[in-house]
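To start, I am sharing the structure in question, which I have written as structure tokens.
The values are calculated or read from the model by the stated rules, or taken from the named source; none is laboratory data. Quick caveat, the model's predicted, so the values are computed rather than measured. Positions of Cβ are generated from backbone atoms using ideal geometry, with glycine treated the same way; all protein chains shown enter the neighbour counts. For accessibility, only protein heavy atoms count, side chains too; no ligands or nucleic acids. Shrake-Rupley method; radii C 1.70, N 1.55, O 1.52, S 1.80 Å.
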Amino acid sequence: MKRSTSTLLMLALFATAPMAFTACSDKDDPIVTIDDDIRNNLKGEVKSGENLILESGTYKLSGPLEVKSGGKLTIKPGVVIEATPFKEGEEVRYIAVAQGGQIFAEGTKDKPIVFTAANKTQQAWGGIVLCGRAPINKGTTANAEVSGLPYGGTVANDNSGILKYVRIEYSGYLYSADKEFNGLSMFGVGNGTTIEYVQVHESSDDGFEWFGGTVNTKYLVATANEDDQFDWTEGWNGTNENWYAKEASSKGNRGIEADNNSNNHLADPISNPTIKNLTLIGRGATGSEPQAMKLRVGTKATIDNVVLSNWSVGFDVEHNEGIGYIADGSLKVTNVKFDQVVTKSKGTKTVPAGSPEGTKGESVDVSAIFTENNAATGAGAGTATPEWAKGWTVGL
């Protein structure tokens with residue numbers, strides 16, 4: 001359909017304002033809708049054919065914002081999205097991108113995009129949830145534990161958009177012991193998606209969590225998150241470079257918690273990411289015995305150039321499948337520098353079926369999982385903040 005010059009000029013005039021762009025049927029010209037209330041009341045749905053563009057300044061997230069299939073959310077450099085406080089019974093604030101929807105949040109080093117909250121405390125809002133169509137091992141498809149949106153499928157190169165030079169702060173709202181938001185939750189996200197230069201800071205649960213999918217990442221920073229800094233499960237396979245994590249002095253559990261599938265350790269696809277250049281800094285030996293990496297329920301991984309600092313345990317490997325993967329080389333960590341790590345590795349076999357409740361698995365030597373290299377640089381500067389993480393992050 002041919003569009004009139006006047007329509008195109010109208011679009012250009014509105015390009016600097018927050019807007020929802022609706023592509024109507026082939027018989028109609030596009031309609032541009034200006035929402036005067038959007039800065040103080042950002043919530044609702046971005047429907048198919050719409051592109052909600054946040055141009056500049058601060059927007060108050062006052063409820064869930066969901067990008068539906070065929071919809072787009074575009075956020076320009078320097079924009080701040082601030083979740084408003086909510087009372088018991090009110091809707092938790094979060095941003096979710098459904099299968100077929102896309103988010104384009106491309107900040108810069110000098111103008112990062114910041115997702116934060118008015119209350120600068122953990123659990124002040126939900127965080128960001130991406131749901132894609134890439135393979136998972138929980139079933140052909142499943143529903144996200146938060147948002148309830150479907151995820152998973154057969155599209156390895158599915159594209160949920162771009163997150164680049166982005167900070168996510170004070171997220172992780174807790175519904176129950178089995179239902180809690182992270183900072184960035186990636187459910188079946190495909191490798192057509194770009195995740196680069198993203199920080200999660202002060203989440204009450206995990207910083208980054210992958211639920212299957214094939215998405216690749218670069219330049220991730222996880223700081224002061226309450227549970228794990230990085231967590232994967234359900235068959236995630238991705239290629240990753242330059243991760244830097246630093247726990248707070250009084251909070252944090254693990255640098256990495258890694259699973260395949262807790263119900264079926266051999267479920268396919270098997271979790272098997274590749275990670276190069278990794279630094280994990282803990283909070284020291286404590287009664288909870290925090291581990292730099294807990295690798296269990298059948299995950300594989302290939303990890304190289306690692307600095308582990310200030311942990312009770314470096315590598316904690318559980319279950320027979322993982323122990324077998326160490327033996328065949330499909331679970332390995334090479335070129336590791338240990339700094340103030342009390343126990344470099346520990347392993348535990350699967351508890352035999354029919355054992356009395358409370359029975360612990362047999363201890364086993366898993367030191368073959370790693371090779372050492374005191375010259376390892378990790379994410380770039382050993383335990384120090386790497387150059388690539390400076391200028392757009394906080395808490396370092």
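When the Karplus curve 6.51 cos²θ - 1.76 cosθ + 1.60 is applied with θ = phi - 60°, which whole-Hz ³J(HN,Hα) does each residue of the stretch 106-117 get, with x for Gly and Pro?
Along the stretch 106-117, the couplings run 10, x, 9, 4, 7, 10, x, 8, 10, 9, 9, 9 Hz.
Show me, for the stretch 119-130, the HN-Hα J-couplings you get by feeding each phi into the Karplus relation (A = 6.51, B = -1.76, C = 1.60, θ = phi - 60°), rounded to Hz, glycine and proline as x.
The phi angles translate into 8, 7, 9, 4, 6, 6, 6, x, x, 10, 10, 10 Hz.
A further question follows. Leaving ligands, DNA and RNA out of it, work out the accessible area of Glu372 with a 1.4 Å probe and give it in Å² to the nearest 10.
100 Å²
For the stretch 229-243, what does the Karplus curve 6.51 cos²θ - 1.76 cosθ + 1.60, with θ = phi - 60°, yield as ³J(HN,Hα) per residue in whole Hz, taken in order and with x for Gly and Pro?
Coupling constants for the stretch 229-243: 6, 10, 8, 9, 6, 6, x, 6, 10, x, 10, 9, 9, 6, 10 Hz.
With labels modelled as points extended 7 Å from the Cα through the Cβ direction, what inter-label distance (nm, one decimal) is found for Ala248 paired with Thr385?
1.8 nm
Report Glu196's accessible area, 1.4 Å probe, all protein chains in place, as a number in Å² to the nearest 10.
Near enough 40 Å² of accessible area.
Just list whichever of Lys138/Lys251; Lys72/Lys109; Lys76/Lys390; Lys47/Lys120; Lys246/Lys349; Lys60/Lys109 have alpha carbons separated by over 25 Å in the model shown.
Working: Lys138/Lys251 30 Å; Lys72/Lys109 23 Å; Lys76/Lys390 20 Å; Lys47/Lys120 31 Å; Lys246/Lys349 29 Å; Lys60/Lys109 23 Å.
From Lys138/Lys251; Lys72/Lys109; Lys76/Lys390; Lys47/Lys120; Lys246/Lys349; Lys60/Lys109, over 25 Å: Lys138/Lys251; Lys47/Lys120; Lys246/Lys349.
Also, I was wondering about something else. With an 8 Å cut-off on Cα pairs and a minimum separation of 6 or more residues, tell me the relative contact order of the stretch 276-378 in percent.
29 percent
Let me ask another. Amide H to amide H under 5 Å from Gly132: which residues, 5+ apart in sequence or cross-chain, H placed 1.01 Å off N in plane?
Distant-sequence amide H within range of Gly132: Gly152, Phe187, Gly188, Val189.
Per DSSP H run of n ≥ 4, the term is -39500 (n - 2.57); total these for the chain, divide by its residue number, and report the mean residue ellipticity at 222 nm rounded to 500 deg cm²/dmol. Could you put the intermediate results ahead of the total?
Numbers: 2 runs with 18 residues, N = 396.
Dividing the helical sum by the residues of the chain leaves -1500 deg cm²/dmol.
Next up: Restricting to the chain, what percent of DSSP beta bridges are antiparallel, rounded to 5?
Percent antiparallel among DSSP bridges in the chain is about 10.
Might you work out the accessible area of Thr286 for me, using a 1.4 Å probe with all protein chains in place, and round it to the nearest 10 Å²?
Answer for Thr286: close to 50 Å² accessible.
Additional query: Please give the per residue accessible area of the chain, computed with a probe of 1.4 Å over protein heavy atoms only, in Å².
Value for the chain: 40 Å² per residue.
Please list, in order, the residues from the stretch 232-253 whose amide nitrogen is less than 15 Å from a point placed 7 Å along the Cα→Cβ vector of Ala375.
none
Given (1) 17.9; (2) 24.1; (3) 20.6 as candidate values of mean projected area of the Cα convex hull in nm², which corresponds to the one derived from the coordinates?
(3)
Now, a different point. Classify the stretch 174-305 as rounded, prolate or oblate from the Cα gyration tensor: take a ≥ b ≥ c as the square roots of its eigenvalues, call it rounded if a/c is under 1.5, otherwise prolate when a/b beats b/c and oblate if not.
rounded
Relative contact order (percent) for the stretch 46-389, with alpha-carbon contacts under 8 angstrom and 6 or more residues of separation?
10 percent
Another question, then. As a test of reading the structure, rank Asp268, Asp228 by solvent-accessible area (1.4 Å probe, protein chains only), most first.
Numbers: Asp268 125, Asp228 0 Å².
The most accessible residue leads, giving Asp268, Asp228.
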